[in-house]
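Peer 1: Shown below is the structure under consideration.
Readers should treat all values here as calculations from the given coordinates under stated rules, not as data from a laboratory. Here the structure is a predicted model, which means the values were calculated and not measured. Cβ atoms come from the backbone with ideal geometry, glycine included; neighbour counts cover every protein chain shown.
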Amino acid sequence: MPATRYSEIRNQLLRESFPTVFAPAWLRDAASNYVPLPIHERLVQCIWYDQRIQPTGLHTADGRPIEVIFPGWWNLEAGPDFRNATLKIGAEPERQGDIEVHLRAEDWAHHRHDHDPNYDNVILHVVLWEANSEKPPRTRQGEEIPQLVLHQQLAAPLEQLFDEIDSDAYPHNVGNHAGQCAETLAALPEKSVRDLLAAAGDERFAGKLRRFARWIHQAGTEQAFYEGWMEALGYKANKTTFRALAQRVPLTTLAASRSGAALLFGTGNLLPTVAAKSTDLYARRLWTQWWKLRPDFADKIIPIEAWRLTGIRPANHPHRRLGAAAALVRRHENFAAKAIAAVESGGDPSRLFLQGRDEYWTRHYTLGGKPQSQPIELIGAARAQEIVANIVLPFVAAYANIRQDDPLQTLAKAQYDALQPTSDNSQARLATHQLFGTPRVMRRYVQTTRQQQGLLQILQDFCFNDKSVCRECRFAELARRWPTATGSG
């Protein structure tokens with residue numbers, strides 16, 4: 001059928017908006033007038049993930065034979081498309097590193113990956129077409145990266161792959177990328193698998209308890225709790241920086257200040273230089289307050305490079321998270337004591353994190369940004385529950401352990417055991433794929449936060465430490481021994 005008016009306009013707009021770099025490539029048969037195929041980069045990612053390429057005779061652009069031992073884990077965050085791949089190129093020994101996928105070889109330079117530290121560990125550049133690539137891809141240090149051109153090395157014609165691959169299902173709903181342990185787990189009784197996950201979840205809880213015990217000994221109860229929930233507000237991308245900021249602006253200093261938000265933003269180096277002249281009254285007020293405080297905190301300012309400010313959901317931007325931190329400190333004097341009391345009384349500690357209020361951050365994603373028409377939760381219920389599971393309950397258990405308060409420690413652990421699973425994050429989804437293949441299978445076994453945390457512990461203990469791509473991993477052996485060791489089954 002002929003091209004529709006919609007596609008004609010769409011194609012024109014794409015060409016105008018992204019003339020060279022970001023436009024999809026259109027596969028057209030010159031001998032006919034059928035609608036061209038929109039070959040997007042995501043399709044190439046799917047092809048690489050499924051290894052829909054020639055099983056033998058694969059070679060790099062410079063003619064070296066290449067063996068793909070493991071294509072890597074699909075990365076949904078900033079940085080290369082696949083992490084921790086294992087390759088053998090030519091006579092070189094096996095290498096582990098990242099994979100970056102593009103439509104065209106020239107896109108490496110167009111996207112400025114040769115200037116981005118996130119791409120320093122790329123060991124292969126996978127492209128569909130080698131178009132206008134006079135220079136090979138290189139890292140920031142100038143090291144040349146091997147390049148694999150797929151177009152003439154596909155397992156089937158590109159049109160066929162386009163028709164067969166449902167790119168919307170990738171990476172979490174295709175169900176064909178489980179690790180070798182998935183078969184072992186599938187052969188076990190369901191109760192044994194649940195017990196195994198729960199035991200691994202207990203180990204994860206114990207590790208967090210030990211960490212909080214160290215922090216309490218080092219910094220005191222309130223400061224340790226403050227560093228913990230600050231780290232949680234940073235999410236994965238900025239958790240280390242948030243805790244560093246909590247150490248540079250201790251809770252006693254922050255709570256005693258009338259300019260807590262200015263202290264956090266200023267010491268965090270997140271006040272824009274134009275804030276003093278901004279029409280945003282909140283940003284101007286913070287700048288005015290920080291200007292007076294700056295001399296006393298100049299040696300504590302966080303380097304701006306320590307923050308990750310791109311590739312983050314707007315609601316999780318560090319500006320909003322710092323706004324939430326200031327609101328929580330204003331709302332809760334003796335915050336740790338309140339959290340301990342909530343657990344001790346059998347209450348819901350997550351409510352404490354829902355009580356922070358800030359008029360400005362209810363309508364803004366970033367400092368000085370455009371006001372939003374609808375209010376935005378400062379900390380949502382799901383995130384509050386995650387903080388309870390990962391921070392509050394291990395903290396209270398550590399506090400009770402130090403004080404030899406067995407009843408309180410038992411209460412904290414019992415609340416942890418009873419928590420329902422929290423929303424998935426990227427690591428939980430990766431663990432699901434490795435151990436079970438699909439979320440549908442995983443849900444038969446993971447019915448509590450404790451079991452969900454067990455998934456993450458197994459991923460950390462085995463998958464992240466396994467350099468052999470399952471070939472020498474011992475987790476399957478552990479799982480086979482589990483029914484006998486526990487007497488379950």
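Peer 1: What do you get for trypsin sites (Lys or Arg not before Pro) in region 81-168 restricted to DSSP loop and a cutoff of at most 16 other Cβ within 10 Å of the site's Cβ? Mind showing how you got there, number by number?
Peer 2: Details: sites: ARG83, LYS88, ARG95, ARG104, ARG112, ARG138, ARG140; in loops: ARG112, ARG140.
Listed in order of number, the matching sites are ARG112, ARG140.
Peer 1: Moving to a separate point now. For the chain, count the residues as N, evaluate 2.2 N^0.38 Å, and divide the Cα radius of gyration by that value, please. Walk me through the numbers before you get to the answer.
Peer 2: On the way: Rg = 25.9 Å, N = 489, 2.2 N^0.38 = 23.1 Å.
Scaled against compact globular proteins, the figure is 1.12.
Peer 1: What ranking of THR252, THR432, THR362, THR86 emerges when the number of other C-beta atoms within 10 Å of each C-beta is taken as an exposure proxy, fewest first?
Peer 2: Working: THR252 12, THR432 24, THR362 16, THR86 19.
Ascending Cβ contact count within 10 Å gives the list THR252, THR362, THR86, THR432.
Peer 1: Quickly work out the GLN152-to-ALA61 label distance, labels modelled 7 Å from Cα along the C-beta direction, and quote it in nm with one decimal.
Peer 2: Roughly 1.4 nm, to one decimal.
Peer 1: Taking only C-alpha pairs under 8 Å that are 6+ residues apart, what is the relative contact order of region 223-387 in percent? Before the final figure, lay out the partial values.
Peer 2: Working: 193 pairs, mean separation 35.4, N = 165.
For region 223-387, the relative contact order is 21 percent.
Peer 1: How high is the relative contact order of region 251-329? Use alpha-carbon pairs under 8 Å, at least six apart in sequence, and give a whole percent.
Peer 2: 38
Peer 1: If R₀ is 41 angstrom, what is the calculated FRET efficiency for the pair GLN355 and CYS470, using the beta carbon separation as r and rounding to 0.05? Walk me through the numbers on the way to the answer.
Peer 2: Numbers: r = 46 Å, r/R0 = 1.12.
Efficiency, rounded to the nearest 0.05: 0.35.
Peer 1: For THR288 and GLU159 in one chain, what is 0.36 nm times their gap in residues minus the Cα-Cα distance, to one decimal in nm?
Peer 2: Numbers: separation 129, 0.36 × 129 = 46.44 nm, distance 6.06 nm.
Fully extending the segment from THR288 to GLU159 adds 40.4 nm.
Peer 1: Within a Cβ distance under 14 Å of THR267, other residues only, what is the Lys/Arg minus Asp/Glu net charge?
Peer 2: On the way: positive: ARG243, ARG248, LYS292, ARG294, LYS300; negative: ASP296, ASP299.
In short, +3.
Peer 1: Pairs of Cα atoms under 8 Å, at least six residues apart: use those to get the relative contact order of the chain, whole percent. Before the final figure, lay out the partial values.
Peer 2: On the way: 703 pairs, mean separation 74.2, N = 489.
In percent, rounded to a whole number, it is 15.
Peer 1: Quickly work out the GLN374-to-ILE402 label distance, labels modelled 7 Å from Cα along the C-beta direction, and quote it in nm with one decimal.
Peer 2: With each label placed 7 Å out from Cα toward Cβ, I get 4.3 nm.
Peer 1: Continuing with this model, one more query. How much length is gained if the chain between GLU134 and HIS111 is pulled fully straight, taking 0.36 nm per residue apart and subtracting their Cα-Cα distance, in nm to one decimal? Let's see the in-between values first.
Peer 2: On the way: separation 23, 0.36 × 23 = 8.28 nm, distance 1.57 nm.
Working it through step by step, the gained length comes to 6.7 nm.
Peer 1: Can you compute the FRET efficiency between ALA169 and GLU92 using 1/(1 + (r/R0)^6), with r the Cβ-Cβ distance and R0 = 45 Å? Round to the nearest 0.05.
Peer 2: Values: r = 35 Å, r/R0 = 0.77.
In this case the efficiency is close to 0.85.
Peer 1: Among SER192, SER167, SER373, which comes first, second and so on when ranked by fewest other beta-carbon atoms within 10 Å? Write down the numbers at each step before the final one.
Peer 2: Numbers: SER192 21, SER167 16, SER373 6.
With the sparsest Cβ surroundings first, the list reads SER373, SER167, SER192.
Peer 1: Classify region 223-387 as rounded, prolate or oblate, taking a ≥ b ≥ c as the square roots of the eigenvalues of its Cα gyration tensor: rounded when a/c is under 1.5, otherwise prolate if a/b is larger than b/c and oblate if not. If you can, show how the numbers build up before the last one.
Peer 2: Numbers: a/c = 1.64, a/b = 1.33, b/c = 1.24.
Prolate shape, in that a/c is at least 1.5 and a/b is the bigger ratio.
Peer 1: Taking amide H positions as placed in the peptide plane 1.01 Å from N, state which residues far from ILE53 in sequence (5 or more) or on other chains have amide H under 5 Å from it.
Peer 2: Excluding prolines and chain starts, which carry no amide H, the hits are ALA155.
Peer 1: Another question, then. Rounded to the nearest 5, what % of DSSP beta bridges with both residues in the chain are antiparallel?
Peer 2: Close to 65 percent.
Peer 1: Report the full-extension gain for the segment GLU333 to ALA206: residue separation times 0.36 nm, less the Cα-Cα distance, to one decimal in nm. Before the final figure, lay out each step's value.
Peer 2: On the way: separation 127, 0.36 × 127 = 45.72 nm, distance 2.79 nm.
Once the chain is fully extended between GLU333 and ALA206, it gains 42.9 nm.
Peer 1: Ranked highest first by the average count of other Cβ atoms within 10 Å around their residues, in what order do 300-307, 322-329 fall? Numbers along the way, then the final one.
Peer 2: On the way: 300-307: 13.4, 322-329: 23.6.
In decreasing order of mean packing, 300-307, 322-329 become 322-329, 300-307.
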